[in-house]
1. Given R₀ = 45 Å, FRET efficiency for A:ASN334-B:ASP81 by Cβ-Cβ distance, to 0.05?
2. Order these peptides, B:244-257, A:92-105, by their mean beta-carbon neighbour count within 10 angstrom, highest first.
3. With a cut-off of 8 Å between alpha carbons and a minimum separation of six or more residues, what is the relative contact order of region A:394-627 in percent?
4. Can you pull the mean other chain C-beta count within 10 Å for peptide A:529-537?
5. Pairs A:LYS341/B:LYS89; A:LYS77/A:LYS160; A:LYS300/B:LYS76; A:LYS388/A:LYS604; A:LYS451/A:LYS500; A:LYS207/B:LYS89: which exceed 24 Å Cα-Cα?
6. Using θ = phi - 60° and the Karplus curve 6.51 cos²θ - 1.76 cosθ + 1.60, what whole-Hz ³J(HN,Hα) does each residue of region A:229-246 get, with Gly and Pro shown as x?
7. Output the 0 to 90 degree angle, nearest 10, between the alpha-carbon long axis of helix B:132-146 and the longest principal axis computed from the alpha carbons of chain B.
8. Can you bin chain A into rounded, prolate or oblate? Criterion: square roots of the alpha carbon gyration tensor eigenvalues sorted a ≥ b ≥ c, rounded for a/c under 1.5, prolate for a/b above b/c, oblate for the rest.
Amino acid sequence: MSDKIWIVVLALVALVIGLLVLKPAAPPTTPEQPTPVEKPAQPPVEKPKEPEPETPKPIEQPKSPQQPSQPLTGPIKNPDTLIVADLSDIDTLDPHFAYDTSSGEIAFHVYDNLIMYDGPSTEKFLPMLATQVPSLDNGLIAENADGSVVIRFPLRQGVKFHNGNSFTAEDVAYSFHRVMLMDRSGGPSWLVLSPLLNVNTIADLAKQIEAQRTGKKADEIDFNAVSAETLVATCEQVEQAVRVVGNDVEFHLPKPFPPFMAIVAQSASWASIIDQQWATEQGAWDGSCNTWKAHYDPQKENDPIYAKMNGTGPFMLEKWDHATGDISLIRNDNYWRGPAKLARIVIKKVNEFSTRKLMLQNGDADIATINRKFVDQVDGTPGVRLIKGQLRMSLSFILFNQKITAEGNQYIGSGQLDGQGIPPDFFSDIDVRKGFNDAFDWETLIREAIKNEAEKARGPIPRGVQFFNSENPVYQLDLKKAEEHFKQAWGGQVWKTGFKLTAPYLVDDQASKTAFEILKRNLQRLNPKFELETVNLEWSALLSRSVDGTLPVYSAAWLEDYHDAHNWVFPIMHSQGNYATSMNLGTNYDALINQGINELNPEKRQEIYYELQKLAYEDAIAIFTDQPLGRHYQQRWVDGYYFNPIWPARNFYPLSKRLDAKPNMEYVNQLGLVVQEW
Amino acid sequence: MLAYIARRLLFLPIILFGVTVILFAMLQLLNPYERLSLYVKDPSQLRGGKEQLDRLIEKHGLKDSLFVQYGRWVNKSIHLDFGWSETAKTTVLNGFLGRFPATLELTLFAIGPILFFAIWLGVLAAVHHNRWIDQLTRVITILGYSLPSFVLGLVLLMGFYGLLSRHLPPLFGGWFSPGRLSEWAQQIVGGESFHAYTRLVTVDALLNGQWRIFWDALGHLVLPVATLSYINWAGYLRIMRSSMLETLRQDYVTTARSKGVEERLVIKRHARRNALIPIVTLSGFLVVGLLSGVVITETIFGYPGLGSWAAQAALQLDVATVLGLLTFVTILFIVVNLIVDLLYAVIDPRVRLT
């Protein structure tokens, strides 16, 4: 009997302890309620003039009473060090190899470019390692009679690399030569090769030269078998494209390429200036035309500066810990723009959300990456500031494959229009595409899957990019119209027999899943014979299916490489663009896109890009779903934060930590953001 | 004895060959584009189109036959070159050497509590069979069995690091923060004046005379060790209890008692030692399991060990890493089992190794 009493008592004690441990944090008292610091300003530039149901949604207003935040009381943890709890997976520290945002964030802080964007502006450039931003007005951009263009950058003197070496014009030329000749597969070199040499790969250039020398056809030539003379000639062409002239550097473009300045200003990766002497000492390419092939398309492990850095930027590499994935940077006290306020930056790789959240809550992380699905668990954390509504240069869309690969395709059912599948060219009928667009419900998608933190996309060019047409017509949910289109599609056969297809999406991609579920529901409402199944795929499988052309529809997103309308219409609409190719869009828009990239007159360019946006709507090439709005969580003691959507990630240079830190209201108001702090 | 050891070790290459061939054969079920997902990690990296993907496939030899790929791996592995780990962003060997000390440290700190409590409470429960102490251990055991490690880990992390650190003054430099060391300690450990003799932070801290770092490292070990201990010793406690109960019913125990041997000595010398045999067997598996890495515990506590790396590598189809870790685990398994077999002979004189 006594044993049983003991058991009951102990069980009760265990229960009480458990409840105490599991007890949630006390709800924030009144002063800790989310407190809007400032009412959001009017939505920024290029807001659609007529508020229609599909116009960008206003940023969510905080509902809590407007009360001043509790003043912070010390101490600040790690006052000179900024700790970021992130999900980052840095690929490489070699900026010319890098082509991902995590690596770009590090390069952004260690290396400088010739020019940069002016603060949060996406339009205005400032000189960086150059002393002037070239333009036709200042004579640094010259058009030749043969249509070629020369862009000259006068360079800053007295700048030092982190190791003490002086920055020279030769370093600039070397950096651009290296990125072009290195041309690692899947890398960023095409962004420089394309405007400067009118090729996408250095191998293509070598083949062209070899073809001229031998009389063979370029596409029959094996790059690995080209002669040594051809290799030298290839390198010499690269050298001719970027030349040192006194203390300046000249870029020679065979024809006008309006986004070139945006490519040079992109604050990471391919336009980073590295130290030639240092790089050569590490074992990287020595700058000779006789040796470049040995450094062409290296394996990551064979890249001598894969884990080393030496730039002119505000921070220097301290340590990249491969065991933890953490990286730390220390301040460059000799930085030519003046030293950063923070002595050290530590980016910690913390995969588990709960751990990141607790680090933010306890002040062990100054900035934390919080995925959208977890934001409710972080909002209200005392001591934290949230800045939301940041427009991202990204666009999501659902593409229609107009020529599906039928062989072995499990997603198109019978492969016939018999109610049990779809034919491979099902989406080549414009009424099918329009019917799908009319059956889509943007409002539900943005509300349910994206928590109202996105704007409805208006076409292939997002808001914030020059030549975005805020008045471009857009589809909206209209089942009557959808019915009309489906009744006309395939001579009425679609409506009569119905169809069946499967829409694969990336596992864990909640937005794509919801988008397809919306379509499924509405198609069923239209006609019970319309069946759309959904299936989630691991990334490996989805990658394979996207290559073999078996995906009937493809939910995708594009994040710009550089800030220009061409970088949007090309991948989505050009027959050689990534998405247009895999969705077999054809060559209908190629001429217009090519015209747009070779046109210098902004007014004429606007006409072209407006036309392309209109065509994208009229031809219903895709369902353009949304343009996301970002969130930034930080400690309230972090001062000086602002963001430019063109940057690869955050900018740590202007940041400091202080108890009286305030949000940068000029930036907040300028971009129409919302700030909440607790 | 030596012949026995040599014979057992001879099996090592054969087993290694078997497991690696099976893994390579399984990979052939994936096409080169699927395996390319290791290098092209998400849709945003599909920038170069199919042409770039084909270049990558060729570059990484993903279209080569099974024999060519396996031959290449074997040839390199013989020279201790296990390839490049895309998940660790370094060579597999460096990745292993960077993470193994953390896993080893965690194992060394966890194995003691697991076995000590399992044996002590198991003996106690058996000796007090069906009394309150036995019932109590039963409750604790059931809880240990039932609690998934991610639940226990998160509860401990939220309870100590999440709640106590906000309301109480710091203990061990904080309330058991995640990670292996605090930021300030990492700076010292990464500095030139700190010598990493063993790469076990607690040991190195003592050898360097850095007590603050020792306490900090210990503080970071408390929660992962507590999680691992509680999850694991529940099972071992039950086994120890059963084994002890069975031993206590043996004739030689009755004989000892009837001879008037003190009960404490009967348990300690006659029963407990014999009851340990199943625990010794299973402790081999425990060591292999812990040294191979504990995925969930390491992930929750941000502990940079082999487990989280192995999981990441498997999910991303990082073949080089998976093969490297598989080789390590296979060797470990064989060696630990050999040691366990040798221990039988020490514990039980009736066992003869031939």
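Every read-out reported here was derived from the displayed coordinates using simple, explicitly stated rules and does not represent laboratory data. Note that the coordinates shown come from a computational prediction; the quantities given were computed from them, not determined experimentally. We place every Cβ from the backbone using ideal geometry, glycine too, and count neighbours over all the protein chains shown.
1. Calculated value: 0.65.
2. Per-residue mean Cβ counts within 10 Å order the peptides as A:92-105, B:244-257.
3. About 33 percent, as a whole number.
4. Taking the mean over all residues of the peptide, I get 0.
5. Check vs 24 Å cut-off fails for A:LYS341/B:LYS89; A:LYS77/A:LYS160; A:LYS388/A:LYS604; A:LYS451/A:LYS500; A:LYS207/B:LYS89.
6. 5, 4, 4, 5, 5, 4, 4, 5, 5, 5, 5, 5, 6, 10, 10, 8, 10, x
7. Result, in degrees: 10.
8. It is oblate, given that a/c is not under 1.5 and a/b is not larger than b/c.
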